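Asker: After the structure tokens below, expect a handful of questions from me.
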Amino acid sequence: MSDHYLGLDLGTSSIKALVVDDDGQVKGTGTAEYPTSRPQPGWAEQDPDDWWRATLEAVQQAVGWSGSAAIASVGFSGQMHGVSFLGENDRPLYPAVIWADQRSERQAQAVTEKVGAERLIEISGSPLVTGFLAATVVWMQEQKSSIWWRTKRILSPKDELRRRLTGVIATDPGDGSAALLLDARWRNWSPVLLDAVETPSIVLPSIRPSAAVAGEVSVQSGSELGLASGTPVATGTGDAASGLLGAGIVDAETLFLSLSTGAQVMVPSEVFQPDLAGRTHTFCSALEPGPDSPGWYQMGATLVAGMAMQWLRDEVLRLPPAGAFELMTSWAAQSGPGANGLLFLPYLVGERTPHMDARARGAFLGLTPQHTSGDIVRAVMEGVTFACRDALAALESTGAEPKRIVMAGGGARSPLWRQMVADVFGLPVFGLTTADQAAIGAAILAKASVRNESPIDIARSWARYDGGTEPSTSRTVMYQDIYAMFKEAYEPVARVSHRLAAWSEARPRPALTPRPIRKQG
Amino acid sequence: MTYLLGIDVGTTSIKSVVYRPDGSAVASSARPTPTHVPQPRWAYYRPRELWQTVLETIRGALAEVDDPSRIASVAVASVAEAGVLLDENGDPTTDIIAWYDTRTKPQSDWLGETIGADVLFERSGLSLQPIFSLNKILWHMEHEPGAFARARQWLLIADYIAYRLCGEGATDYSLGSRTLMMHLSEKRWDDRTLAEAGVDRSLLPPLVQGGTRLGTVTGKASLETGLPTTAQVSAGGHDHVCGALAAGVMRPGQILNSLGTAEAVFVPLATPLMDPRAGRQGYTQGALVTGGGYYVFGGQYTSGASVDWLRRLLGTDDDPLAYDLLVERAARAPVGSLGAMFLPHLRMANPPYEDSRSRGALIGLTADVGNDAVARAVLEGLAFESFNTIEPLLDYPQVVPPTSVKAIGGGTRNDLLMSIKASVTGMDHHIIDAEEATALGAAMLGGIGAGVYGSVDEAVAAMSYGQRTVSPNPGDAEIYGDIYRNVYRQIYPVIAPLSHAIGDAQARIAQRMDIEPAAE
């Protein structure tokens, strides 16, 4: 019997546990949810005890499903940026404050001003935004000083989970950089940043490579989980870096495009070259930097992707959800590149990369009486794709030069959308068929930590793609034309949108009315 | 009781309606206007087909009338600018180029070079465009010299139908003012323009006031139509000017808003606008059918069309969302549509913007903006756009600011739209429920010519149609005033360059697709 590895991905709302064999085949899966509490508007907290309970459930499911395979090692992936506060004897003092928490906006600004926006990015790779560990820590100092004074340790979410499994306190460069306290170039805690947040380095964990063994399953947790005590446990990394690994994206020439509610564009990088304008994030990857081993990745976020299709389906066209996306994309296929002269700006909730504009709004431009539902759907898909292309443009400004795209998320299931991405980006697209890539990434790190094999090789041999979609030269030329227009449209439309946003924000929201009527077919 | 027949030859349909003297309809019949489209931007009618269709509608209407011999009068309203050349026997020598056909651009350019657009404006009050009749005559002269040589008379469509009914040809001031050949303030054919263009004055019929008696229905026409030979035929006029008469909009200080597939604002004037800027802003002017006055007119080309487009989009092409349902949904959204705004330039811009390459836009979209808010945004956009067309007119010294608006047409049945319009303009809207106002205006002119009414005022006073008033809501008016001033007026200038770029890109793509189809 070959060896098996356990990959754990502590997500935002649930944990995923995968038992994976030596060839990357999933032999068992388990999942369990945990709640997020919102004690005040904009706050988002989770109880690490809930994480642990969910872990027990998910691991038991996964191991049970796999036919109680022997687990050679365990690896971790987890939600980034959050923090749990531990006191004497590693007892939790406060719920974990997760990335979605908005309480620390003022603190994030203050720290940014203190360090200087550009210098902060030069050191850490990213702008400091609310919900990041460094900002939450300052909030704790200011608002709950009694807790802060008793705090002995601060840990990122997956590191807290690993502590419970092994008793070992450690983190990896990826989560360290996501905390925004790391000198991401040298992969060490930054004295400048620690100084700025008035935090002694003693409360921070030591930094270990993601693919290194950080500890062993303890006797007590082993018996709770049904794992052999002494099983090696890898450090692991944040879920974005782990997802890249699970998707087999381990070189600087492959762009990862994840089209879900929002979209993320990520590309590994062999040099540390952050965007000083703060439009993108540069974090440490799960790989140690070296030749052909990109130690960082750059990431841009498009706020509206699948959300625009959902909005169109539920709010505008009001289609019954079952089969609606297939129906909508079949309409869109009837239209052509450029949607017969209809352009959509997808900024329904504002935009991050590259515009960093919370008050941008969506728009349909170029409307004529001939435009059909198919043109509308196509324009929305194209608009989202252009917005993703815009995010890549920001990555390109700091050196990204991808030669191919790996696409994941709901959007990747549509052949039309894959073709559109290939045509708009002018690059071949490979649809990722590996599911749960962050948990797979964790299993890759688990295997690499106990085998004499690089995570790069394992990632390459485990990732699964469809047959690939080549761009059409003629459509690529057409889309270059339309994309140029899309870029041109942002600024003037934003001027009007900002006025509209100011106007509608000054008005009270109406109560929602029920909407029973749905269009058929 | 005496009956009056009004005929309306429109762009999409031809209607004959028989009225009582109080303006209530007794019978009516309508047929689609038989139109030929040989290539994009071209369209023509065959004179005989047009006449045959008119005949069918007259017979159709008369079939519902108890005693056709009671019909005392007939007059015809029609689209303007389009006309036909007749030979010495009164038979057509050419087809009728549709009013909106733009094949005549070279003729229009030539007139601009030869006579000059400003000079032509000074004389005719019209801003030079290819559609005006003189360009059409020049086109026939150049492209159909044989037919032109045989021609003895030029008649506009309404005049041609009246001619077929009574044997007399005449053009009224309202139609004459759309030919580019009439001196607007002096209401005479302009001999200088005709001489400079090389058109023989003898081709043109006498210019008369609408409601001038031309003759009685001929025996031949009586046989063809079933009309009595006692029925008097009078000069009708330009369709929307006849509609204004039916609504009683004839005096400075009044304003008419007609809402159909296209929408228009119509403002009577005592004297024509003298500033050529009005033409560059896309307004146009002309003579009223009667009473000696003038009007200035601004069209909104895709008003009802915007609503129909949205209905198709929210339903399906074959089964558009019901009109009532659309309005019901729009009514659920708050005033201001959550910040969503619609620019209704689906085909082109509207006055004061002269821009045939403008396009529609739906902006300010957020995840909260749903079906209801989009529907309301479209109605609000139509109201803002209409006000945007009215407002610049108030800068002209000839325009007397109105205090209320009269409204006619199918769009007035949309109560929500009317109340939005009242709040956007800050003016009461008096909605006139006349049946087929254009045909009614023609019937009134016929009645005046036949002596059924003693005067125009008597004719208007005789009308018994219903009227209801929609008033502004002060709270809504304040909000709309804010949005209109601070946002709506910014939209077109910001969006226009993008619309042009999109149109250009679409043309490039279409060209490329022709060379190399990019099927997926």
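Asker: For chain A, what does the helix formula give at 222 nm: sum of -39500 (n - 2.57) over DSSP H segments with n ≥ 4, over the residue count, nearest 500 deg cm²/dmol? Walk me through the intermediate numbers first.
Answerer: Values: 17 runs with 198 residues, N = 521.
Mean residue ellipticity at 222 nm (helix-derived): -11500 deg cm²/dmol.
Asker: Order these by the 10 Å Cβ neighbour count, fewest first: B:408, B:432, B:96.
Answerer: On the way: B:408 28, B:432 22, B:96 25.
Final ranking by Cβ density, sparse to dense: B:432, B:96, B:408.
Asker: Through the Karplus equation 6.51 cos²θ - 1.76 cosθ + 1.60, θ set to phi - 60°, convert the phi angles of the range B:177-192 into ³J(HN,Hα) values in whole Hz; use x for Gly and Pro.
Answerer: These are the phi-based 3J(HN,Hα) values: 5, 9, 9, 6, 10, 9, 6, 5, 6, 9, 6, 9, 4, 8, 4, 5 Hz.
Asker: Please list, in chain and number order, the residues 5+ apart from residue A:214 or on another chain whose amide H is under 5 Å from its amide H, with Hs placed from the backbone.
Answerer: Long-range HN contacts for residue A:214: A:233, A:234, A:235.
Asker: Once Rh is set to the Kirkwood radius over Cα pairs, what Stokes-Einstein translational diffusion coefficient, in µm²/s, holds for the range A:1-147 at a temperature of 4 °C and a viscosity of 1.567 mPa s?
Answerer: On the way: Rh = 17.2 Å.
It comes out at roughly 75 µm²/s.
Asker: Separate question: Could you work out the relative contact order of chain B? I mean the mean sequence separation of Cα pairs under 8 Å and 6+ apart, divided by the number of residues, in percent. Let's see the in-between values first.
Answerer: Numbers: 1174 pairs, mean separation 83.4, N = 520.
Rounded, it is 16 percent for chain B.
Asker: So what are the radius of gyration and Dmax for the Cα set of the range A:387-434, in Å?
Answerer: Rg then Dmax for the range A:387-434, in Å: 10.9, 31.
Asker: Order these by the 10 Å Cβ neighbour count, fewest first: B:423, A:206, B:73. Write down the numbers at each step before the final one.
Answerer: Values: B:423 25, A:206 11, B:73 32.
Final ranking by Cβ density, sparse to dense: A:206, B:423, B:73.
Asker: Please report the relative contact order for the range B:369-503, taking Cα pairs under 8 Å with a sequence separation of at least 6, and give it as a percent rounded to a whole number.
Answerer: Values: 112 pairs, mean separation 35.0, N = 135.
With pairs under 8 Å counted, the relative contact order is 26 percent.
Asker: Can you pull the mean other chain C-beta count within 10 Å for peptide A:487-500?
Answerer: That works out to 5 on average.
Asker: Also, I was wondering about something else. Could you check the simple spin-label distance between residue A:484 and residue B:504, using points 7 Å along Cα→Cβ, in nm with one decimal?
Answerer: If labels sit at residue A:484 and residue B:504, their model points lie 0.9 nm apart.
Asker: Let me ask another. In the range B:220-250, whose amide N lies under 13 Å from the spot 7 Å out along Cα-to-Cβ of residue B:435? List them in ranges.
Answerer: none
Asker: Which of the trypsin sites (Lys or Arg not before Pro) across the range A:1-80 are loop residues per DSSP, with 14 or fewer other Cβ within 10 Å?
Answerer: Listed in order of number, the matching sites amount to none.
Asker: Sort B:317, B:101, A:357, A:172 by Cβ crowding within 10 Å, fewest neighbours at the top.
Answerer: Numbers: B:317 9, B:101 20, A:357 17, A:172 33.
Fewest-to-most Cβ neighbours within 10 Å comes out as B:317, A:357, B:101, A:172.
Asker: While we're looking at this one, here's another question. Could you list the trypsin sites (Lys or Arg not before Pro) in the range B:1-92 that lie in coil according to DSSP, counting only those with at most 11 other Cβ atoms within 10 Å of their Cβ?
Answerer: Details: sites: B:15, B:41, B:48, B:59, B:70; in loops: B:41.
Passing both the DSSP loop test and the Cβ count: B:41.
Asker: Normalise the Debye intensity by I(0) for the protein assembly as shown, one equal point scatterer per Cα, no solvent, then take log10 at q = 0.08 Å⁻¹ and round to two decimals.
Answerer: Per q value, in the given order, log10 I(q)/I(0) is -0.84.
Asker: In addition: Highest mean first, how do B:236-246, B:479-489 rank when packing is the count of other Cβ atoms within 10 Å averaged over residues?
Answerer: Working: B:236-246: 31.2, B:479-489: 17.5.
So the order, starting with the most tightly packed, is B:236-246, B:479-489.
Asker: Report the label-to-label distance for residue B:201 and residue B:13 in nanometres (one decimal), using points 7 Å from each Cα along the Cα→Cβ vector.
Answerer: 4.3 nm
Asker: What does the charge count near residue B:441 come to, summing +1 for each Lys or Arg and -1 for each Asp or Glu among other residues with Cβ under 10 Å from its Cβ?
Answerer: On the way: positive: none; negative: B:8, B:239, B:436.
Local net charge: -3.
Asker: GluC sites (Glu not before Pro), restricted to the range B:77-165: which are DSSP loop and have at most 14 other Cβ atoms within 10 Å?
Answerer: Working: sites: B:81, B:88, B:113, B:122, B:142; in loops: B:81, B:88.
Those satisfying the criteria are B:88.
Asker: Where the centroid of each part is defined by its Cα atoms, how far is the range B:290-368 from the range B:447-520 in Å?
Answerer: So the two Cα centres are separated by 7 Å.
Asker: Kindly write out, for the range B:113-118 in residue order, the coupling ³J(HN,Hα) from the Karplus curve 6.51 cos²θ - 1.76 cosθ + 1.60 (θ = phi - 60°), rounded to whole Hz, with x marking Gly and Pro.
Answerer: Couplings: 6, 6, 9, x, 5, 5 Hz.
Asker: Per-residue HN-Hα couplings for the range B:103-110, Karplus 6.51 cos²θ - 1.76 cosθ + 1.60 at θ = phi - 60°, whole Hz, x for Gly and Pro?
Answerer: Values per residue, Gly and Pro as x: 4, 8, 4, x, 5, 5, 4, 4 Hz.
Asker: Find the eigenvalues of the gyration tensor of the Cα atoms of the range A:177-219, then list the square roots of 5 times those eigenvalues as equivalent ellipsoid semi-axes, largest first, in whole angstrom. Walk me through the numbers before you get to the answer.
Answerer: Working: eigenvalues 114, 36, 10 Å².
Equivalent ellipsoid of the range A:177-219: 24, 13, 7 Å, largest first.
Asker: Mind computing the radius of gyration and Dmax over the alpha-carbon atoms of chain B? Å is fine for both.
Answerer: Looking at chain B, its Cα Rg and Dmax stand at 23.1, 70 Å.
Asker: Moving to a separate point now. Restricting to the protein assembly as shown, compute how many DSSP beta bridges are antiparallel as a %, nearest 5.
Answerer: On the way: 104 of 146 bridges.
Percent antiparallel among DSSP bridges in the protein assembly as shown is about 70.
Asker: Something else: Please list, in chain and number order, the residues 5+ apart from residue B:188 or on another chain whose amide H is under 5 Å from its amide H, with Hs placed from the backbone.
Answerer: B:183
Asker: Could you list which residues have their amide H under 5 Å from that of residue A:22, counting only those 5 or more apart in sequence or on another chain, with H placed in the peptide plane?
Answerer: Placed amide hydrogens put A:3 under 5 Å from residue A:22.
Asker: What is the mean number of Cβ atoms from other protein chains located within 10 Å of the Cβ atom of each residue in peptide A:313-322, rounded to a whole number?
Answerer: Partner-chain Cβ atoms within 10 Å, mean over residues of A:313-322: 3.
Asker: Give the relative contact order (percent, whole number) for chain A; include only Cα pairs under 8 Å separated by 6+ residues. Provide the component values of the computation, followed by the final result.
Answerer: Numbers: 1260 pairs, mean separation 80.7, N = 521.
Across chain A, relative contact order equals 15 percent.
Asker: Could you give the Stokes-Einstein D for the range B:81-154 in µm² per second, using the C-alpha Kirkwood radius, 25 °C, 0.890 mPa s?
Answerer: Numbers: Rh = 12.7 Å.
Calculated translational D: 193 µm²/s.
A short reminder: the numbers here are calculations on the coordinates, not readings from a lab. Because the structure is a prediction, the values reported are computed rather than measured. Virtual Cβ from ideal backbone geometry, glycine too; neighbours counted across all protein chains shown.
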